[in-house]
Amino acid sequence: MLLAAHEPAAFTLWRPAQARPLLLACDHASARIPAGLGDLGVPPGQRLAHIAWDIGAGELTLQLARRLAAPAILAGYSRLVVDCNRPLDDASAMPASSDGVGIPGNRGLDEAARSLRAEALYWPYHRAIAAELAAASRPGLSPVLIAVHSFTPVMHGKQRPWHVGVLWDHDPRLAVPLLAALREEQDLVVGDNEPYSGREPPGFTIDHHAGRAGLAHVALEIRQDLLATPAGIAEWAGRLHRVLASLLSLPGLNDPAAGIPYRVAPVVAR
């Protein structure tokens, strides 16, 4: 077993007593490394840096979930151990290096070591997402999935001017009105598939759970310097709640017949 009895579970689930048909997911909520893996050989200054997790995203997800009265699932361990937003056969799922920082504990992993991480951390998280979405589904009603991430203000020496990015691909039902609503906030620079794109691999969570099922969905990216303090996180939770609260009642958003499922590579969950 990868996790000792005293260690936290692979994910955290927060669910209100009365939940709307919506799920928030945070793939990179934690920088924790299982004790049995030591520090993966990562220098101390990097174990809480952006390569290990999406800084501020986990707490933002929880605060937004409470305001929206929606369940939230947060991955419990670092993306350096296994990245829950990557297909397992992608090299970046258990990276040998990240943003120029070597990860010695990930070099030369055999199939048994990779499977151990997947079974302990990756699949429990994704099974929990699937179960929550199934529980929120009714005849004639489908839930919405929103993934929450954060991004660095500078990458490879280039400034990233966006305050928030909206990532999407085939389904415009939530993404397009969300872009319009955020752009009405006069003080924001809003990225449409910036600084990352929902139209490019190797993202996994949205495609696997929502895209293939035709569920309305979107991924949000918030710049990390805006989430560096509790006040900043609270401000963004309030801002996103204000914008999303009205959009989540848009006609067709929860209509199974309105979705357009798209093909993604089949994945067999163990």
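State all residues of the range 227-270 that are within 17 Å of LEU133 (Cβ to Cβ), among the aromatic types (Phe, Trp, Tyr) and modelled with pLDDT of 90 or more; if no residue qualifies, say none.
Passing the criteria: none in range.
Return a yes/no flag: does the range 42-55 have any residue that is touching an Asp or Glu at 6+ places or on another chain (Cβ under 6 Å), surrounded by fewer than 24 Cβ atoms within 10 Å (Cβ to Cβ) and part of a loop (DSSP other than H, G, I, E, B).
Restricting attention to the range 42-55, the residues satisfying the condition of being touching an Asp or Glu at 6+ places or on another chain (Cβ under 6 Å) are 51.
Those left that are additionally surrounded by fewer than 24 Cβ atoms within 10 Å (Cβ to Cβ): 51.
Add one more test, that the residue is part of a loop (DSSP other than H, G, I, E, B), and what stays is 51.
Taking every residue of the range 42-55 in turn, at least one turns out to be touching an Asp or Glu at 6+ places or on another chain (Cβ under 6 Å), surrounded by fewer than 24 Cβ atoms within 10 Å (Cβ to Cβ) and part of a loop (DSSP other than H, G, I, E, B).
Taking strands (runs of 3 or more DSSP E) that fall entirely within the range 139-202, which contain at least 3 residues that are buried (at least 22 other Cβ atoms within 10 Å of the Cβ)?
On the way: elements: 144-151, 164-167, 190-192.
Because the criterion is at least 3 residues that are buried (at least 22 other Cβ atoms within 10 Å of the Cβ), the strands (runs of 3 or more DSSP E) in the range 139-202 that meet it are 144-151, 164-167.
Can you say whether ALA70 is among the aliphatic types (A, V, I, L, M), surrounded by 16 or more Cβ atoms within 10 Å (Cβ to Cβ), modelled with pLDDT of 95 or more and assigned to a helix (DSSP H, G or I), as far as the supplied structure shows?
Values: among the aliphatic types (A, V, I, L, M): yes; surrounded by 16 or more Cβ atoms within 10 Å (Cβ to Cβ): yes; modelled with pLDDT of 95 or more: yes; assigned to a helix (DSSP H, G or I): no.
Judged against the criteria, ALA70 is not a match.
When only residues in the range 94-129 that are in contact with an Asp or Glu (Cβ under 8 Å, 6 or more places away or on another chain) and free of Cβ contacts under 8 Å to residues at least 40 places away in the same chain count, which is surrounded by the most Cβ atoms within 10 Å (Cβ to Cβ)?
Here the residue is MET94.
For residues that are under 15 Å from the mean Cα position of the chain (by Cα) and among the hydrophobic types (A, V, I, L, M, F, W, C), scanning just the range 76-128, find the one that is nearest to ARG32 (Cα to Cα).
Taking the candidates together, the pick is LEU80.
Filtering the range 79-92 down to residues that are in contact with a helix residue (DSSP H, G or I) (Cβ under 6 Å, 6 or more places away or on another chain) and either part of a helix (DSSP H, G or I) or of a type in the set (D, E, K, R) (or both), which residue is farthest from ALA57 (Cα to Cα)?
Selected residue: ARG86.
Find all pairs meeting these conditions: Cβ atoms under 9 angstrom apart; at least six residues apart or on different chains; first residue within the range 33-60 and touching a residue at least 24 places away in the same chain (Cβ under 8 Å); second residue assigned to a loop (DSSP other than H, G, I, E, B) and among the aromatic types (Phe, Trp, Tyr).
As it stands, the answer is ILE33/TYR77; PRO34/TYR77, since those pairs meet every condition given.
Residues to consider are GLU185, GLU200, GLU194; find the one that is acidic (Asp, Glu), more than 19 Å from LEU23 (Cβ to Cβ) and over 19 Å from the mean Cα position of the chain (by Cα). Spell out the reasoning first.
Working: GLU200 fails: over 19 Å from the mean Cα position of the chain (by Cα); GLU194 fails: over 19 Å from the mean Cα position of the chain (by Cα).
That would be GLU185, the only listed residue that is acidic (Asp, Glu), more than 19 Å from LEU23 (Cβ to Cβ) and over 19 Å from the mean Cα position of the chain (by Cα).
Pairs needed: first member in the range 210-223, of a type in the set (Gly, Ala, Ser) and buried (at least 24 other Cβ atoms within 10 Å of the Cβ); second member anywhere, in a helix (DSSP H, G or I) and at pLDDT below 95; C-beta distance under 8 Å; at least 6 residues apart or different chains.
Hits for this filter: ALA216/ALA258.
Residue check: is TRP236 farther than 18 Å from ASN85 by Cβ, surrounded by 16 or more Cβ atoms within 10 Å (Cβ to Cβ), out of contact with any Ser or Thr (no Cβ under 6 Å at 6 or more places or on another chain) and of a type in the set (Phe, Trp, Tyr)? Step through it out loud before you land on a result.
On the way: farther than 18 Å from ASN85 by Cβ: yes; surrounded by 16 or more Cβ atoms within 10 Å (Cβ to Cβ): yes; out of contact with any Ser or Thr (no Cβ under 6 Å at 6 or more places or on another chain): yes; of a type in the set (Phe, Trp, Tyr): yes.
Answer is yes for this residue.
Out of curiosity, is ALA136 free of Cβ contacts under 8 Å to residues at least 60 places away in the same chain and not β-branched (Val, Ile, Thr)?
Details: free of Cβ contacts under 8 Å to residues at least 60 places away in the same chain: no; not β-branched (Val, Ile, Thr): yes.
When the stated conditions are applied, ALA136 does not pass them.
Report yes if PRO95 is closer than 15 Å to ALA52 by Cα and either part of a helix (DSSP H, G or I) or of a type outside the set (Lys, Arg) (or both), otherwise no. Explain how you work it out, then say what you get.
Details: closer than 15 Å to ALA52 by Cα: yes; either part of a helix (DSSP H, G or I) or of a type outside the set (Lys, Arg) (or both): yes.
Criteria met by PRO95.
The values are calculated or read from the model by the stated rules, or taken from the named source; none is laboratory data. Quantities reported herein were computed from a predicted structural model and do not represent experimental measurements. Positions of Cβ are generated from backbone atoms using ideal geometry, with glycine treated the same way; all protein chains shown enter the neighbour counts.
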